[in-house]
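The block underneath contains the structure these notes are about, expressed in structure tokens.
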Amino acid sequence: MSVIQIVHTADVPLLEAWHRVTDWERHGAQVPLTRTTVATDPPTRLGTRFTARTGLGRVAFDDPMEVVAWRPPADGRPGHCRLVKHGRVVTGWAEIEVRPAPDGRGGSEVRWREELRLRGLPRFLDPLTAAAGRLLFARALAGLLRDAR
């Protein structure tokens, strides 16, 4: 499995950053050739399920995920979310943590950790998978925190 870790600081207030990075449909807009659909009714909570579908036409794959830990930021405590991937192609998990920026100026720091595995891909390619994942997810995270609602 490839482990990916990204830390991104943004001039976005804590709650707004949390809402942006846990708005699953917006994730699809940040990843090329991807659309995300949420299968459960809002709001996001423990048990929420959604699928990111990546590809063109019939040449595509689904990345179904489930929220298995959900703690929005409150009372000075960082927000934390854990997702488990239930796909046939992509497996693993992701954790997102949103906390006040360390500089104390009112922004946010988002920590994204993901363990990613592509079925059928030999393990010796894990470093390439991790490098590609870091680039892709860092770009997506920056876009989520940059774009206005």
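Being farther than 21 Å from Arg146 by Cα, outside any loop (DSSP other than H, G, I, E, B) and touching a strand residue (DSSP E or B) at 6+ places or on another chain (Cβ under 8 Å) holds for only one residue in Val3, Val110, Val98, Val7, and it is Val3. Residues in segment 41-50 that are out of contact with any helix residue (DSSP H, G or I) (no Cβ under 9 Å at 6 or more places or on another chain) and either of a type in the set (D, E, K, R) or surrounded by 14 or more Cβ atoms within 10 Å (Cβ to Cβ) (or both): Asp41, Arg45, Arg49.
In segment 93-112, what residues are charged (D, E, K, R) and either touching a helix residue (DSSP H, G or I) at 6+ places or on another chain (Cβ under 8 Å) or farther than 11 Å from His8 by Cα (or both)? Can you show your working first?
Taking segment 93-112 as the starting set, the residues that turn out to be charged (D, E, K, R) are 95, 97, 99, 103, 105, 109, 111.
Residues satisfying the conditions are Glu95, Arg99, Asp103, Arg105.
Within segment 54-91, restricting attention to residues that are touching an Asp or Glu at 6+ places or on another chain (Cβ under 8 Å) and at pLDDT below 95, the residue that is surrounded by the fewest Cβ atoms within 10 Å (Cβ to Cβ) is Arg88.
For segment 118-125, indicate whether the set of residues that are modelled with pLDDT under 90 and either part of a strand (DSSP E or B) or surrounded by 15 or more Cβ atoms within 10 Å (Cβ to Cβ) (or both) is non-empty. The answer is yes; a qualifying residue exists. Take Arg113 and decide whether it is out of contact with any Phe, Trp or Tyr (no Cβ under 8 Å at 6 or more places or on another chain), within 18 Å of Trp24 (Cβ to Cβ) and surrounded by fewer than 17 Cβ atoms within 10 Å (Cβ to Cβ). So Arg113 passes the test.
Of all residues in segment 1-26, those that are surrounded by fewer than 19 Cβ atoms within 10 Å (Cβ to Cβ) and modelled with pLDDT under 95 have Cβ atoms under 9 Å from Cβ atoms of residues that are outside any strand (DSSP E or B) and β-branched (Val, Ile, Thr), 6 or more apart or on another chain, in Met1/Thr129.
Name the single residue that is farthest from Thr54 (Cα to Cα) among those in segment 124-139 being in contact with a strand residue (DSSP E or B) (Cβ under 9 Å, 6 or more places away or on another chain) and among the charged types (D, E, K, R). Residue satisfying both the conditions and the ranking: Asp126.
Within segment 42-65, identify whether any single residue is outside any strand (DSSP E or B), β-branched (Val, Ile, Thr) and within 19 Å of Gly133 (Cα to Cα), and answer yes or no.
Restricting attention to segment 42-65, the residues satisfying the condition of being outside any strand (DSSP E or B) are 42-48, 57-58.
Cutting the leftovers down to β-branched (Val, Ile, Thr) gives us 44, 48.
Within this subset, residues satisfying the condition of being within 19 Å of Gly133 (Cα to Cα) are none.
The answer is no; no qualifying residue exists.
Pairs are defined by a Cβ separation below 6 Å, a sequence spacing of at least 6 or placement on different chains, a first member in segment 40-54 that is over 14 Å from Val68 (Cα atoms), and a second member that is of a type in the set (A, V, I, L, M) and assigned to a loop (DSSP other than H, G, I, E, B); the pairs so defined are Thr54/Leu33.
The values are calculated or read from the model by the stated rules, or taken from the named source; none is laboratory data. Values in this document were obtained by computation on a predicted structure and should not be read as measured data. Neighbour counts run over all protein chains shown; Cβ positions are idealised from the backbone, glycine included.
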